[in-house]
Amino acid sequence: MYDARIKQVALESGKSRPTVVKFFNFEKTKFSTAEKIYKACLQLIQSKVAERKSQAREMMRLSDELNRDR
């Protein structure tokens with residue numbers, strides 16, 4: 001699971017997997033590289049939050065629908 005997340009950040013940032021690992025291990029990286037990885041992380045978090053909100057809305061809709069049918 002950990003490695004899959006590293007790959008996801010690498011794909012989103014356009015940086016290699018070893019570079020992303022260096023970033024998360026607090027090893028030295030270029031400022032521009034760190035910035036791209038950080039932005040990629042924020043983007044991934046925002047998309048996950050949006051996905052969860054969408055799922056919660058769908059669950060509420062289904063719950064309301066079930067309660068109306070009773």
Counting other Cβ atoms within 10 Å, keep those with at most 14, restrict to DSSP loop, and tell me which chymotrypsin sites (Phe, Trp or Tyr not before Pro) in the chain are left.
-> 26
For the chain, whose charge dipole is built from +1 on Lys and Arg Cβ atoms and -1 on Asp and Glu Cβ atoms, the candidate among 19, 42, 55 with its Cα farthest towards the positive end is 19
If we count every other residue with Cβ under 12 angstrom of residue 45's Cβ, Lys/Arg +1 and Asp/Glu -1, where does the sum land?
-> +2
Per residue, how much accessible area does the chain show when a 1.4 Å probe rolls over the protein heavy atoms, in square angstrom?
-> 86
Options [x] 13.5, 47; [y] 12.7, 49; [z] 18.1, 61 are given for Rg and Dmax of the Cα atoms in Å, and the computed one is [z]
About its Cα centre, the chain carries a charge dipole, from +1 on Lys and Arg Cβ atoms and -1 on Asp and Glu Cβ atoms, whose size in debye to the nearest 20 is 280
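The values are calculated or read from the model by the stated rules, or taken from the named source; none is laboratory data. Bear in mind that the values here come from a model prediction, so they are computed numbers and not experimental data. Please note: Cβ atoms are built from the backbone with ideal geometry, for glycine as well, and neighbour counts cover all protein chains shown. For accessibility, only protein heavy atoms count, side chains too; no ligands or nucleic acids. Shrake-Rupley method; radii C 1.70, N 1.55, O 1.52, S 1.80 Å.
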